[in-house]
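Below you'll find the structure, written out as structure tokens, and then a few comments.
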Amino acid sequence: MNEEFLINFTPQETRVALMHQGVVQELHIERTHGRGIVGNIYLGRVARVLPGMQSAFVDIGLERTAFLHVADIWEERGGQEPPRPIERILSEGQNLVVQVLKDPIGSKGARLSTQVSIAGRLLVFLPQEKHIGISQRIEDEAEREALRTRIQELLPPEAPGGFIVRTMASSASD
């Protein structure tokens, strides 16, 4: 395989190209003034819990605290248990790992979730889940099952977390 990365860095932007046999496969451009924090993962500290709004404000080291709604708190649930109220899940001063869903805008802080996902080109890793999902764009049921089986064979049985197999993975090697 003849793959290489080309990186060009200036104070205003960073450009990264993935080349395969001399042909650009991917191009990523990140501008300093337009850099967002969506997808970033932080260890935050609960600053305030608001039972009336079923939400909390979490300090993740930004100018203003970020917003976390009870619906965005991941909890392992068995069966049809109703969701617990936020005051029974979080307390002020508590540390928790969060991922940014929405950038801060105007006077509002960032929107957070405790359900973390780490996306790659072929797979999305879900540390808190234990299942393997297949992209809905892969419609052939036999191909979906073959991909699921390949992933299960590649992972050790005690491996933590789950995965979503992305559409690009349908033609990928192990």
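The values are calculated or read from the model by the stated rules, or taken from the named source; none is laboratory data. On a predicted model such as this, the values are computed, not experimentally measured, just so you know. Every residue, glycine as well, gets a Cβ built from its backbone with ideal geometry; the counts of neighbours run over all protein chains shown. All accessible areas refer to the heavy atoms of the entire protein, side chains included, with ligands and DNA or RNA removed. Shrake-Rupley method; radii C 1.70, N 1.55, O 1.52, S 1.80 Å.
Just a few scattered comments:
- In the stretch 6-24, the residue that is farthest from Arg121 (Cα to Cα) out of those that are part of a strand (DSSP E or B) and open to solvent by 100 Å² or more (accessible area, probe 1.4 Å) is Phe9.
- Count - residues of the stretch 139-174 that are surrounded by fewer than 16 Cβ atoms within 10 Å (Cβ to Cβ), among the β-branched types (Val, Ile, Thr) and either touching a residue at least 12 places away in the same chain (Cβ under 8 Å) or closer than 21 Å to Glu26 by Cβ (or both): 1
- Subset of the stretch 25-52 [at pLDDT 95 or above and either surrounded by 14 or more Cβ atoms within 10 Å (Cβ to Cβ) or aliphatic (A, V, I, L, M) (or both)]: Ile41, Tyr42, Leu43, Gly44, Arg45, Val46, Ala47, Val49, Leu50
- Residue in the stretch 53-67 that is within 30 Å of Arg148 (Cβ to Cβ), free of Cβ contacts under 8 Å to residues at least 60 places away in the same chain and either part of a strand (DSSP E or B) or of a type outside the set (A, V, I, L, M) (or both) present: no
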